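All remarks here apply to the structure that follows.
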Amino acid sequence: MKRRDFLKTSLAGAALMGGGGALLAGESSPITYPLKVQPARYGLMPGKITEGMVSTFADAPPPVIRLKQGVPAVLSVENAMEEYTAMHWHGLRIPNAMDGVPYLTQFPIGPGEAFQYEFTPPDAGTYWYHPHCMTMTQMALGLTGVMVVEEAEDPGFDSEEVLNLRDFRLNDDGQFIDLYTGRGAARGGTHGTVMAVNWQDVQRADHGAGSLVRLRVAATDTTRIYKLYFEGADGKIIAWDGHPVDYPVPYPTSPDAPLLLSPGQRMDVALRMPSLEGQEVKLMARVPGGTREMAVLRAVGADAGRALAEIAPLPRNPLAEPDLTNPRVEEFVFGWSPEGDLPNNGFCGTLGYTFWSINRNPWAGDAAEGIGPLVTLNMGESVVLRLRNESPNLHPIHLHGLTFRPIRSNKREVIPNMTDTALLLKDEVLDIALVADNPGNWAFHCHVIEHQKTGLAGYIEVV
Ligand code: C2O
Ligand code: CU
Ligand code: CU
């Protein structure tokens with residue numbers, strides 16, 4: 001799509017919305033965030049300044065954006081880079097034109113240009129944001145941030161801790177090395193050399209002894225599947241990928257049975273701090289050859305005496321329940337396809353390889369002309385998408401704009417909580433069910449960015 005066509009479509013859209021997103025009288029005033037995408041430098045490793053990063057500040061990580069369910073938001077993205085960008089709000093069910101996918105929903109934002117994203121988040125929960133143009137480099141160089149959408153009513157925690165888990169690929173001097181490799185892209189992806197939490201080695205914080213903490217954990221890495229567990233406290237997983245859990249997710253306490261959080265996924269955990277001052281709660285990760293601290297929360301002050309049972313279940317988000325009596329079934333095969341032309345991503349960057357495919361077709365690129373949807377769904381229709389992994393690698397499969405339930409697998413017992421990203425295991429056939437209730441063209445891809453950018457991508461149309 002050309003820039004001209006976008007102008008036409010957005011004018012048509014504005015007419016439909018009755019005023020281009022203008023606020024109606026009586027609505028609360030919008031929450032605004034300026035986000036200036038720009039070069040950055042930061043001390044990621046002790047005593048070393050990493051140059052050549054990308055953030056929304058010159059010397060700090062991208063902020064935790066805090067929005068409110070049902071309250072309009074205005075996010076003004078200004079591009080101060082010498083390359084294109086576009087910002088995507090991962091997990092949010094918002095109008096297609098605000099989804100931030102280059103050529104599919106908007107023209108990419110050029111150097112010196114700005115784009116104002118306006119939407120009202122329908123769901124509360126933990127989400128995140130990242131560029132969808134120059135995705136591989138801008139994400140790897142730092143631009144991944146957490147977005148919190150607060151419930152209309154406060155659920156009653158004493159405090160909160162937000163953890164943005166991601167790696168960086170640095171040498172011993174703290175400077176970037178190759179952000180991706182052909183070898184990695186063709187296999188499980190290229191891992192970082194330095195694991196980080198909120199752009200530091202470990203997140204350390206004090207919380208009241210015996211108090212209730214809401215931990216929001218987001219896996220924003222381009223590649224790593226985190227294997228997480230807790231030490232030192234009782235806890236409860238209260239939300240998964242943004243939405244309050246309908247089916248319990250076991251609270252992991254052992255490195256032998258960790259919880260997998262794959263790229264794009266989030267979890268909200270209610271933690272009860274220990275009663276004695278100085279005692280610690282740890283979020284741990286299993287890593288090759290051992291384990292690693294990700295966050296250490298220390299109890300301070302007198303025992304607040306609270307109990308996990310005091311947390312009422314989070315209010316459900318307004319999600320439509322798929323009707324499984326006689327659903328339409330659509331199959332997608334994810335596999336390796338080293339043949340194929342190089343993708344045409346226009347202004348949005350290419351890795352220079354084609355390795356992956358959906359239904360044996362590698363994605364022709366964001367800017368390729370005349371590429372149709374993988375499937376067209378009708379508004380309001382319930383559908384089962386059968387995700388078949390024909391590769392030995394794991395793929396966190398992500399769908400924009402819609403929310404689905406994983407319902408069955410040939411490999412394991414699935415926990416059918418609502419999500420936007422599901423980890424597809426080796427040789428797995430996973431059925432996911434959804435209601436096609438948001439019109440537009442919705443990107444559908446693997447969230448290992450090297451897989452996405454070398455073919456494992458497409459889109460689903462809802463009309
Ligand atoms: Cu989080 Cu299409 O991405
Ligand atoms: Cu997304
Ligand atoms: Cu993948």
(request) Within segment 336-354, identify whether any single residue is over 17 Å from residue 96 (Cβ atoms), within 16 Å of ligand 3 (Cβ to nearest atom) and in a strand (DSSP E or B), and answer yes or no. (result) yes
(request) May I ask you to list pairs of residues, at least six apart or on different chains, whose Cβ atoms are under 6 Å apart, with the first in segment 199-218 being under 23 Å from residue 125 (Cα atoms) and the second being in a loop (DSSP other than H, G, I, E, B) and not aliphatic (A, V, I, L, M)? (result) 199/61; 211/158; 211/306; 212/157; 212/158; 212/306; 214/157
(request) From the list 445, 400, pick out the single residue that is in contact with a helix residue (DSSP H, G or I) (Cβ under 9 Å, 6 or more places away or on another chain) and within 12 Å of ligand 3 (Cβ to nearest atom). (result) 445
(message) Here are the criteria: (1) over 26 Å from residue 288 (Cβ atoms); (2) surrounded by 20 or more Cβ atoms within 10 Å (Cβ to Cβ). Tell me which single one residue 247 does not satisfy.
(response) (2)
(message) If I ask for residues that are touching a Ser or Thr at 6+ places or on another chain (Cβ under 8 Å) and either outside any strand (DSSP E or B) or of a type in the set (Ser, Thr, Tyr) (or both), which ones from segment 126-156 would you list?
(response) 129, 133, 134, 136, 138, 139, 140, 142, 143, 144
(message) Checking the conditions here, which among 285, 309 is free of Cβ contacts under 8 Å to residues at least 60 places away in the same chain, among the small types (Gly, Ala, Ser) and either in contact with a strand residue (DSSP E or B) (Cβ under 8 Å, 6 or more places away or on another chain) or closer than 19 Å to residue 239 by Cα (or both)?
(response) 309
(request) Evaluate segment 113-130: report whether one residue or more is under 14 Å from residue 453 (Cβ atoms), within 13 Å of the chain's Cα centre (by Cα) and surrounded by 21 or more Cβ atoms within 10 Å (Cβ to Cβ). (result) yes
(message) Looking at the structure I just gave you, is residue 79 within 18 Å of the chain's Cα centre (by Cα), in contact (Cβ under 8 Å) with a residue 40 or more places away in the chain and over 24 Å from residue 196 (Cβ atoms)?
(response) no
(request) Sort out which residues of segment 174-195 are closer than 19 Å to residue 337 by Cβ and not in a loop (DSSP other than H, G, I, E, B), and write them in order of number. (result) 182, 183, 184, 185
(request) Look at segment 432-463 and say how many of its residues are more than 21 Å from residue 382 (Cβ to Cβ) and either of a type in the set (D, E, K, R) or away from ligand 2 (no atom under 15 Å from the Cβ) (or both). (result) 4
(request) Could you figure out which of (1) within 14 Å of ligand 2 (Cβ to nearest atom); (2) in contact with a Leu (Cβ under 6 Å, 6 or more places away or on another chain) isn't true of residue 140? (result) (1)
(request) Identify all residues within segment 207-236 that are surrounded by fewer than 21 Cβ atoms within 10 Å (Cβ to Cβ) and either of a type in the set (Val, Ile, Thr) or touching a His at 6+ places or on another chain (Cβ under 8 Å) (or both); write none if there are none. (result) 225
(request) For residue 93, work out the one condition from (1) away from ligand 1 (no atom under 15 Å from the Cβ); (2) in contact (Cβ under 8 Å) with a residue 40 or more places away in the chain; (3) part of a loop (DSSP other than H, G, I, E, B) it doesn't fulfil. (result) (1)
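Rule-based calculations on the coordinates, nothing more; no lab input. All figures in this text were calculated on a predicted structure; none of them were measured in a lab. In this analysis, Cβ positions are derived from the backbone assuming ideal geometry, glycine residues included, and neighbour counts consider all displayed protein chains.
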